[in-house]
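Novice: Let me give you the structure first, and then I'll get to my questions.
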Amino acid sequence: MSGRSFWPSRAGIIRTLVVVGAIACLELLCRSGVINRLTMIPPTEMAGALWQIVASGKFNADILFTVANTAAAIALSVIGGFLAGAALHAMPRVRHAADPLLSAYYAVPVFVFYPLLIVAFGVGRGALIAMGALVGIVAMIVNTLDGLDRVPPVLLKSADVLKLGNARKLLLVRLPAALPYLITGIKLAAAYSVIGIVAGEFILATAGIGKRIAFGYQDFDNRTMYGMLLLLLILVMVVNGALAFWEKRLHRRFGRS
Amino acid sequence: MGEAAASPFWQVVKTRQLDTVLLLLCLGLGWELVYVLVGADVAPSPMTTLERAGGLLQTANFWKDAASTGRAFGLACAIGITSGILIGLLLGFSRLASEVADPMLGTIYSIPKITLYPIILLMFGLSLSAKVAFGVIHGVFPVIIATMSALRNVAPIHRRTAQVLGLTPAATVATSLVPAALPEIFSGIRIGVAVTLLGTLLAEMFASASGLGFALIRAMELHTIVDIFALALLIFTAAAILNGSLLALERRLRGHG
């Protein structure tokens, strides 16, 4: 146990060194011309390009477009997935029938539906949000089922003893007990929704961060491409990191792993 | 047959499978309903789609596309799985190395790889290697992570027994660690294969001149909706069969372990 405080810090230091070293290496390779400027610009220039994009605000509309669509897709998949998961949990027979379909969902590339959504919704927000929600929803369904399964029976019995009605039992007992797993579901649904939306923007969209990256690629405008790419990566890592942190804290508080 | 039906285990399996088939039929009916409501402009009927899928299977063009996707997918799987296992073994052996690498791999795994595709394209050009590289960066991380965690989860008794027997490190890996870790590594491989297929298809959809992903985009541009449905159906079926067989193999591995 005494080693616990020592090891992570040492691993943390090495990890920082590895990351910094990798970036420095990349910088050196780009500056010395080993990596062609048309292939990649040095990391410091990527950061400069990102700063320029943020400071000038020239792509604010695109950034807002992607962020708003992603938020809408995440909200849809979280709410829809929770409701569907709760409904399936209440119907064991349907749930067992659906099990193989749910577990095979992420093994098939659902993204091939995007062209279809384009035909149904037209090029624009609708198709992108639908794509994001479609990719994210099943992660939420699966984790809602998982969470409701793991509510300790003793809590439900206590609720019965206290004569709680179904609604209060759900609100006061089941939901809080399942919360850590619901957060896992939200984290995964968010990650999958982003993939769906950015992939959609790459392929066909009217605006968005992915659209700007794709344009930058096509125009050999590497500053825009790498600047927007860096922005996207930072956004994704911040959201994912925050959700992962929250998830870990809840799991710890509930004393289960 | 009568005796098999009497065994409760088989009865459960059969009811479940029957329920799944029923659910699939319900989904088919729902699809038919959508077709009746919105018309063939947006959604063709299931029967038309099946006929078109059957028709596609008899065209040379479809098989050319399928072969192109298959080649990229096969190469990407081979490279991704081999290097994933090797890197995972290397990192998994040292406690420090796995502690350093674990959060980094988790972060890389969680970023949407689609954002990196323009970089891959700039590096490899519009070629088979770009598709393969994109498939590999999807598939390699789940394999590395699973291999690392599998090695960590091997019961210490296996290592100690190898020590007592005086096995060389190579012999320890080959006869003790790998067999013990195999089932968990294999589930990483199964996930890796699924996301490699997604990566390969995404690459073809974003920028490529051949393959099933390209055929999907072409169908979208030509507005031949029945082709999109038929292609999606064929890809889904192939992916589901692949996933099902890998899952069966994994169950067998676990059964022996």
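Laboratory data are not the source of any read-out in this text; all were calculated from the coordinates shown. What you see is a predicted model; the values in this text were computed from it and never measured. Cβ sites come from the backbone with ideal geometry, for glycine too, and all protein chains shown count toward neighbours.
Novice: Please report B:Thr82, B:Thr20 as a ranked list, fewest other C-beta atoms within 10 angstrom at the top and most at the bottom.
Specialist: Numbers: B:Thr82 12, B:Thr20 16.
Final ranking by Cβ density, sparse to dense: B:Thr82, B:Thr20.
Novice: Please report the base-10 log of the normalised intensity I(q)/I(0) for chain A, using a Debye sum with one equal scatterer per alpha carbon and no solvent, at each q in 0.13, 0.14 (1/Å).
Specialist: Log10 of I(q)/I(0), two decimals: -0.99, -1.07.
Novice: Listing B:Arg190, A:Arg249, B:Arg159 from the residue with the fewest other Cβ atoms within 10 Å to the one with the most, what is the order?
Specialist: Numbers: B:Arg190 20, A:Arg249 12, B:Arg159 16.
If I rank by nearby Cβ atoms, fewest first, I get A:Arg249, B:Arg159, B:Arg190.
Novice: Between the stretch B:146-221 and the stretch B:91-143, how many Å separate their Cα centres?
Specialist: The two parts, judged by their Cα centres, are 13 Å apart.
Novice: What per residue convex hull volume, in Å³, do the alpha-carbon atoms of the stretch A:60-112 yield?
Specialist: Per residue, the Cα convex hull of the stretch A:60-112 comes to 76 Å³.
Novice: Restricting the calculation to Cα positions, tell me the Rg (one decimal) and the Dmax (whole number) of the stretch B:66-256 in Å.
Specialist: Rg and Dmax of the stretch B:66-256, Cα atoms, are 19.1, 68 Å.
Novice: Calculate, in whole percent, how much of the Cα-Cα pair population of the protein assembly as shown lies beyond 28 Å. Numbers along the way, then the final one.
Specialist: On the way: 80253 of 131841 pairs.
It works out to 61 percent of all Cα pairs.
Novice: Among the lysines in the protein assembly as shown, how many pairs, 8 or more places apart or on different chains, have alpha carbons under 21 Å apart?
Specialist: Lysine pairs satisfying the spacing and distance rule in the protein assembly as shown number 8.
Novice: What does the average come to when, for each residue of peptide A:72-78, you count the partner chain Cβ atoms lying within 10 Å of its Cβ?
Specialist: Numbers: counts 0, 0, 0, 0, 0, 0, 0.
Counting other chains' Cβ atoms within 10 Å and averaging over A:72-78 gives 0.
Novice: Cβ under 12 Å from B:Asp65's Cβ, B:Asp65 left aside: what net charge do those residues give with Lys, Arg +1 and Asp, Glu -1?
Specialist: +1
Novice: Same structure again: For chain A, which DSSP H helices look membrane-span-like by this rule: Cα extent along the axis of 30 Å or more and mean Kyte-Doolittle of at least -1.0?
Specialist: A:6-31, A:60-90, A:125-149, A:175-203, A:222-253
Novice: Where in chain B are the DSSP H helices whose alpha-carbon span along the long axis reaches 24 Å or more and whose Kyte-Doolittle mean is at least -0.5? Kindly include the intermediate steps, with their values, before the conclusion.
Specialist: Values: long enough: B:8-38 (44 Å, 1.14); B:60-93 (49 Å, 1.09); B:128-153 (37 Å, 1.26); B:178-206 (40 Å, 1.44); B:225-256 (47 Å, 1.23).
In chain B, the long hydrophobic H runs are B:8-38, B:60-93, B:128-153, B:178-206, B:225-256.
Novice: How large are Rg and Dmax for the stretch A:172-231 when only the alpha carbon atoms are used, in Å?
Specialist: 17.3, 56
Novice: Relative contact order for chain A: what percent, with Cα pairs under 8 Å and sequence separation of 6 or more?
Specialist: 25 percent
Novice: In addition: Sort A:Ile79, B:Ile85 by Cβ crowding within 10 Å, fewest neighbours at the top.
Specialist: On the way: A:Ile79 13, B:Ile85 23.
In increasing order of surrounding Cβ atoms, one gets A:Ile79, B:Ile85.
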